[in-house]
Amino acid sequence: MNMINEYLDIAPEVQQALAEGKPVVALESTIISHGMPYPKNVETALLVEQTIRDNGAVPATIAVLGGRLKAGLSRDEIEYLGKTGRKVAKASRRDLPVLVARGADGATTVTTTMIIAHMAGINIFATGGIGGVHRGAETTMDISADLEELAQTPVMVVCAGAKSILDLGLTLEYLETKGVPVIGYGTDELPAFYTRRSGFGVDYRADSPEELASFFSAQRKLGYKGGMLVTNPIPEQYAMPKDVIDAAIEQALREAQEQGVHGKETTPFLLARVVELTGGESLESNIQLVLNNARLAARTAAAILA
Ligand code: PSU
Ligand code: MN
């Protein structure tokens with residue numbers, strides 16, 4: 001059943017769960033290396049794995065190590081990615097062939113986590129936020145490869161929406177063009193990562209893991225090649241005040257422009273500056289929303305198999 005690739009290493013525990021038809025949830029590693037500071041990033045990655053287990057599924061954190069595509073990491077491997085941080089290559093779709101050929105390391109984004117999860121036979125993945133259409137993309141053409149991957153790889157991605165470092169309206173337009181269903185979990189509105197609301201509607205709402213699973217199963221039975229985006233609002237008690245987060249994002253965007261930050265550096269730069277500017281308050285929100293997504297993904301993984 002699994003499309004085994006010669007570069008792929010599936011951890012024994014993940015392999016066994018897949019073989020026995022047990023739920024498995026993939027996790028990305030760019031959130032560890034580029035999305036949060038050390039040591040909180042490592043603590044969070046391990047806590048997310050534990051949360052997946054507590055909810056009855058097996059976690060498979062994904063990365064490229066020594067040119068091998070890894071589905072399932074050891075504690076030491078997670079510690080290494082967290083400690084090395086932004087010095088690890090951020091690996092998107094275009095990077096995998098060279099990293100593999102060179103036997104190099106890479107932290108996987110939403111894009112490459114989807115690619116490797118699918119190779120391993122894992123169909124659901126939990127993270128914090130996805131990449132999207134950047135503000136000013138009409139001149140920079142900076143549109144995350146995550147959107148193209150959602151259009152072509154059959155994996156359900158559970159996130160908390162997207163940060164308003166992006167143009168959320170254009171991101172939704174792009175997903176519509178590409179035929180990617182955007183589902184709100186318990187909401188009709190796209191969540192904006194740190195806040196529960198964005199002012200933009202989602203395509204559909206689901207209120208249980210079973211309902212999410214029914215959407216995903218129908219998409220598979222229709223023979224679609226692409227995936228599905230589930231947007232799960234941050235729990236109320238961890239949401240940030242909108243004015244505080246908006247001010248930090250505006251300042252980070254200004255600094256990025258002044259310093260000429262571009263290309264793959266843009267998102268990591270903005271993420272790091274927002275954490276610095278909010279004095280770590282946003283980091284706690286970020287951790288809590290990832291845990292919330294891990295719980296939902298684990299329960300949905302089981303519902304997809306039911
Ligand atoms: N947004 C976040 N946190 C993240 C990322 C995005 O709130 O950690 C990471 C994810 O790995 C995502 C990547 O796939 O950044 C998108 O980068 P880019 O915009 O360069 O495509
Ligand atoms: Mn980009």
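The values are calculated or read from the model by the stated rules, or taken from the named source; none is laboratory data. Note that the structure is predicted; figures quoted are calculated from it, not measured. So basically every Cβ, Gly included, is an ideal-geometry build from the backbone, and we count neighbours across all protein chains shown. The protein model used for the area step is the full one, side chains on, heavy atoms only, and it has no ligands, DNA or RNA in it. Shrake-Rupley method; radii C 1.70, N 1.55, O 1.52, S 1.80 Å.
Residue-level check: of (1) touching a helix residue (DSSP H, G or I) at 6+ places or on another chain (Cβ under 7 Å); (2) surrounded by fewer than 21 Cβ atoms within 10 Å (Cβ to Cβ), I183 misses just (2).
Summed over segment 198-218, the residues that are touching a residue at least 24 places away in the same chain (Cβ under 8 Å), under 21 Å from A297 (Cα atoms) and either touching a Gly at 6+ places or on another chain (Cβ under 7 Å) or not small (G, A, S) (or both) give a count of 7. Of all residues in segment 35-60, those being in a helix (DSSP H, G or I) and closer than 24 Å to K163 by Cβ number 12.
From L69, L18, which residue is over 27 Å from E276 (Cβ atoms) and over 19 Å from the mean Cα position of the chain (by Cα)?
Working: L69 fails: over 19 Å from the mean Cα position of the chain (by Cα).
Answer to the selection: L18.
Applying the condition of being open to solvent by 20 Å² or more (accessible area, probe 1.4 Å) and out of contact with any Phe, Trp or Tyr (no Cβ under 9 Å at 6 or more places or on another chain) to segment 279-291 and asking which residue is farthest from ligand 1 (Cβ to nearest atom) yields G279. The set of residues in segment 117-146 being open to solvent by less than 10 Å² (accessible area, probe 1.4 Å), under 16 Å from A160 (Cα atoms) and either more than 12 Å from ligand 2 (Cβ to nearest atom) or in contact (Cβ under 8 Å) with a residue 60 or more places away in the chain (or both) consists of I124, F125, A126, T127, G128.
Out of K225, K221, I need the residue that is free of Cβ contacts under 8 Å to residues at least 12 places away in the same chain and among the charged types (D, E, K, R). Which one? Don't jump to the end; show me each part of the working.
Values: K225 fails: free of Cβ contacts under 8 Å to residues at least 12 places away in the same chain.
Exactly one residue qualifies, and that residue is K221.
The set of residues in segment 153-185 that are closer than 23 Å to L296 by Cα, in contact (Cβ under 8 Å) with a residue 40 or more places away in the chain and part of a helix (DSSP H, G or I) contains only L175. The single condition from (1) more than 8 Å from ligand 1 (Cβ to nearest atom); (2) in a helix (DSSP H, G or I) that I122 fails is (2).
Search segment 203-218 for residues being assigned to a helix (DSSP H, G or I) and touching a strand residue (DSSP E or B) at 6+ places or on another chain (Cβ under 6 Å), and hand back the single one that is nearest to R295 (Cα to Cα). The residue in question is L212.
No other residue among M156, M114 is under 27 Å from G184 (Cβ atoms), more than 12 Å from ligand 1 (Cβ to nearest atom), at pLDDT 95 or above and buried (at least 20 other Cβ atoms within 10 Å of the Cβ) apart from M156. Screening R273 against (1) more than 13 Å from ligand 1 (Cβ to nearest atom); (2) buried (at least 18 other Cβ atoms within 10 Å of the Cβ) leaves a single unmet condition, (1).
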